[in-house]
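Read through the structure below, which is laid out as structure tokens, and then see the notes.
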Amino acid sequence: DTKYVGHDEL
Amino acid sequence: MNIFRLTGDLAHLTAIIILLLKIWKTRSCSGISGKSQILFTVVYITRYLDLFTNYISAYNTLMKIIFVVSSLATVFLIYFKFKATYDRNHDTFRMEFLIIPSIILALLIRHEFTVMEVLWTFSIYLEAVAILPQLFLVSKTGEAETITSHYLFALGSYRGLYLLNWIWRYYFENFLDWISIVAGFVQTVLYCDFFYLYVTRVLHGRKLRLPA
């Protein structure tokens, strides 16, 4: 799971 | 996924395709900064290391692979296949002026002091300024081919659309990441001068020529 926003983005 | 992020990603993808097609069809990379392309390749490689550790979605994985592979292909075309057409005399911006401050800033301002986090943060900071060698090259030659202008417009729009995406995510998902937001803002601001010229000249059918 991604802890920070942005890390699931490109 | 929201509409701003999707259109941002598509603008980014469009930019990359425009650039590759321009180089391939004209058999020339004149007017293109190889240094900016090297920096973008470094950005993608350092950011997408999580391809090996963290699965998000098929879309996410596919796009990351496309960005890494296409940027490597672009660098290959500029420095090997069409290197005779590369404008090395005008592409004189020093990459270390961008890389070293990005490393230092990533070591200082990041979420966690781990290798993956520092590299991710470095990639965000470096991406914000990676276009500078390209803008420097355009300002040195005083003009850009229309296709290069379209490339820059698509590439600049992408982070601007991401800014809207972050506003959306703040309101609807309560997500907030100041590192992405500030860097994305800086990145978008760097294109403003170019956006102005693009709208006032290129969209009116004229070539992008800088005011004397």
Conditions (1) touching a strand residue (DSSP E or B) at 6+ places or on another chain (Cβ under 8 Å); (2) buried (at least 21 other Cβ atoms within 10 Å of the Cβ): number failed by B:Tyr125: (1)
Which residues, counting only those in segment B:64-111, are in contact (Cβ under 8 Å) with a residue 60 or more places away in the chain and under 17 Å from the mean Cα position of the chain (by Cα)? B:Phe93, B:Met95, B:Ile99
Would you check which residues across segment B:2-41 are hydroxyl-bearing (Ser, Thr, Tyr) and part of a helix (DSSP H, G or I) and list them? B:Thr7, B:Thr14, B:Thr26, B:Ser36, B:Thr41
Do you know which of the residues in segment B:1-47 that are closer than 22 Å to B:Tyr125 by Cα and among the charged types (D, E, K, R) is surrounded by the fewest Cβ atoms within 10 Å (Cβ to Cβ)? B:Arg5
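So that you can scan it fast, the table gives a plain yes or no per residue for (1) charged (D, E, K, R); (2) buried (at least 17 other Cβ atoms within 10 Å of the Cβ):
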site	(1), (2)
B:Phe113	no, no
B:Val138	no, yes
B:Asn174	no, no
B:Gln187	no, yes
B:Arg206	yes, no
Residue match in segment B:30-52 (condition: modelled with pLDDT under 95 and within 11 Å of another protein chain (Cβ to nearest Cβ)): yes
So which residues in segment B:102-124 are in contact with a helix residue (DSSP H, G or I) (Cβ under 9 Å, 6 or more places away or on another chain), of a type outside the set (D, E, K, R) and either assigned to a loop (DSSP other than H, G, I, E, B) or within 23 Å of B:Ser139 (Cα to Cα) (or both)? B:Ile109, B:His111, B:Phe113
Within segment B:135-172, tally of residues that are away from every other protein chain (no Cβ under 13 Å) and without any contact (Cβ under 8 Å) to a residue 12 or more places away in the chain: 0
Filtered residue count, segment B:173-196, keeping only those that are part of a helix (DSSP H, G or I), within 12 Å of chain A (Cβ to nearest Cβ) and either of a type in the set (A, V, I, L, M) or more than 17 Å from the chain's Cα centre (by Cα) (or both): 6
Test of understanding: among B:Ser71, B:Ser57, which residue is within 14 Å of another protein chain (Cβ to nearest Cβ), of a type in the set (Gly, Ala, Ser), surrounded by 18 or more Cβ atoms within 10 Å (Cβ to Cβ) and out of contact with any Asp or Glu (no Cβ under 7 Å at 6 or more places or on another chain)? B:Ser71
Every listed condition ((1) more than 19 Å from A:Asp8 (Cβ to Cβ); (2) more than 15 Å from the chain's Cα centre (by Cα)) holds for B:Leu119 save (1)
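Would you check if there is a residue in segment B:73-93 being touching a Pro at 6+ places or on another chain (Cβ under 8 Å), under 16 Å from B:Glu127 (Cα atoms) and either assigned to a helix (DSSP H, G or I) or not aliphatic (A, V, I, L, M) (or both)?
To start, the set of residues in segment B:73-93 that are touching a Pro at 6+ places or on another chain (Cβ under 8 Å) comprises B:91, B:93.
Within this subset, residues satisfying the condition of being under 16 Å from B:Glu127 (Cα atoms) are B:93.
This time we only want the ones that are either assigned to a helix (DSSP H, G or I) or not aliphatic (A, V, I, L, M) (or both), so: B:93.
Scanning segment B:73-93, I find at least one residue that is touching a Pro at 6+ places or on another chain (Cβ under 8 Å), under 16 Å from B:Glu127 (Cα atoms) and either assigned to a helix (DSSP H, G or I) or not aliphatic (A, V, I, L, M) (or both), so the answer is yes.
The values are calculated or read from the model by the stated rules, or taken from the named source; none is laboratory data. Quantities reported herein were computed from a predicted structural model and do not represent experimental measurements. Glycine also receives a Cβ, built like all others from the backbone with ideal geometry; neighbour counts cover every protein chain displayed.
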